[in-house]
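Have a look at the structure that comes next, please.
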Amino acid sequence: MKIRQITPKDWPAIMIIQANCYHDINPEPLEVMQSKWHASPQNSLVLEYNNLIVAYILCHPWPKGDAPKLNTTLTATYDTQSLYIHDMAVSPSAQGLGIAKQLVNHTIHASAEQGFYGIGLVAIQGASEFWQRFGFKPFNDISPTLLTSLASYNDDACYLFFNAKPE
């Protein structure tokens with residue numbers, strides 16, 4: 001298994017994985033997905049298994065306690081000390097191989113090396129328990145802005161945050 005940065009030729013595989021993994025929301029269009037990649041290419045990765053892309057993770061800097069609305073094209077980057085996992089998906093054909101665990105652990109480690117103090121995300125489709133196994137915790141200080149962003153997802157959308165440097 002090999003984790004590496006996304007390249008332009010990876011997008012067809014990424015879009016297929018996204019379409020195969022999300023059934024509670026409409027998949028985001030290519031330009032929206034690529035805007036997250038452009039915001040932080042060093043934190044947007046694919047995982048190859050048997051020379052095929054079987055998973056991806058899109059991360060970019062974003063303020064703690066906030067999340068972009070679904071289907072939002074990023075046009076600016078934020079000077080913040082927290083990272084945001086916008087999306088992570090593993091192809092159904094590769095689930096059960098520990099790939100998601102590898103991507104999450106890689107992202108946590110890399111974010112700390114880059115000086116980020118934590119990582120936020122919105123868990124959907126019942127994924128909250130998965131993320132909590134890695135130390136992500138529900139965020140209780142929900143601002144009106146975050147509430148609006150969460151409403152753009154589905155009914156079980158939950159904002160979680162991982163403190164790399166516990167307070």
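Suppose we filter segment 110-143 for residues that are of a type in the set (Val, Ile, Thr) and under 15 Å from Ala164 (Cα atoms); how many remain?
Number satisfying all stated conditions: 1.
Could I ask something else about it? Only one of Tyr84, Tyr49 is more than 12 Å from the chain's Cα centre (by Cα) and among the hydroxyl-bearing types (Ser, Thr, Tyr); which?
Sole residue among the options that is more than 12 Å from the chain's Cα centre (by Cα) and among the hydroxyl-bearing types (Ser, Thr, Tyr): Tyr49.
Quick one: in segment 136-167, which of the residues that are modelled with pLDDT under 95 and closer than 18 Å to His109 by Cβ is surrounded by the fewest Cβ atoms within 10 Å (Cβ to Cβ)?
So, considering only residues that are modelled with pLDDT under 95 and closer than 18 Å to His109 by Cβ, the one surrounded by the fewest Cβ atoms within 10 Å (Cβ to Cβ) is Pro166.
Gly126 fails exactly one of the following numbered conditions: (1) surrounded by 14 or more Cβ atoms within 10 Å (Cβ to Cβ); (2) more than 26 Å from Met1 (Cα to Cα); (3) out of contact with any Leu (no Cβ under 7 Å at 6 or more places or on another chain). What is the number of that condition?
Of (1) surrounded by 14 or more Cβ atoms within 10 Å (Cβ to Cβ); (2) more than 26 Å from Met1 (Cα to Cα); (3) out of contact with any Leu (no Cβ under 7 Å at 6 or more places or on another chain), only one is false for Gly126: (1).
Something else about it: Under 7 Å between Cβ atoms, which residue pairs at least 6 apart in sequence (or on different chains) link something in segment 17-46 that is farther than 24 Å from Pro61 by Cβ with a partner that is polar (S, T, N, Q) and buried (at least 19 other Cβ atoms within 10 Å of the Cβ)?
Here the result reads Asn20/Ser91, each pair linking segment 17-46 to a residue that is polar (S, T, N, Q) and buried (at least 19 other Cβ atoms within 10 Å of the Cβ).
Under 8 Å by Cβ, and 6 or more places apart or on different chains, what pairs join a residue from segment 59-83 that is free of Cβ contacts under 8 Å to residues at least 60 places away in the same chain and in a loop (DSSP other than H, G, I, E, B) with one that is polar (S, T, N, Q) and loosely packed, with under 15 Cβ neighbours inside 10 Å?
Taking only residues 6 or more apart or on different chains, not a single pair turns up.
Taking the residues in segment 61-70 that are surrounded by 14 or more Cβ atoms within 10 Å (Cβ to Cβ) and in contact with a helix residue (DSSP H, G or I) (Cβ under 7 Å, 6 or more places away or on another chain) as candidates, determine which candidate is farthest from Leu150 (Cα to Cα).
Applying the filter and picking the extreme gives Gly65.
Sticking with this one: In the set Gly115, Gly126, Gly98, which member is out of contact with any Ser or Thr (no Cβ under 6 Å at 6 or more places or on another chain) and under 24 Å from Asp79 (Cα atoms)?
Working: Gly126 fails: under 24 Å from Asp79 (Cα atoms); Gly98 fails: under 24 Å from Asp79 (Cα atoms).
Of Gly115, Gly126, Gly98, the one residue that is out of contact with any Ser or Thr (no Cβ under 6 Å at 6 or more places or on another chain) and under 24 Å from Asp79 (Cα atoms) is Gly115.
The values are calculated or read from the model by the stated rules, or taken from the named source; none is laboratory data. Fair warning: this is a prediction, and the values are worked out from it, not measured in the lab. Glycine gets a Cβ as well: all are built from the backbone with ideal geometry, and neighbour counts include every protein chain shown.
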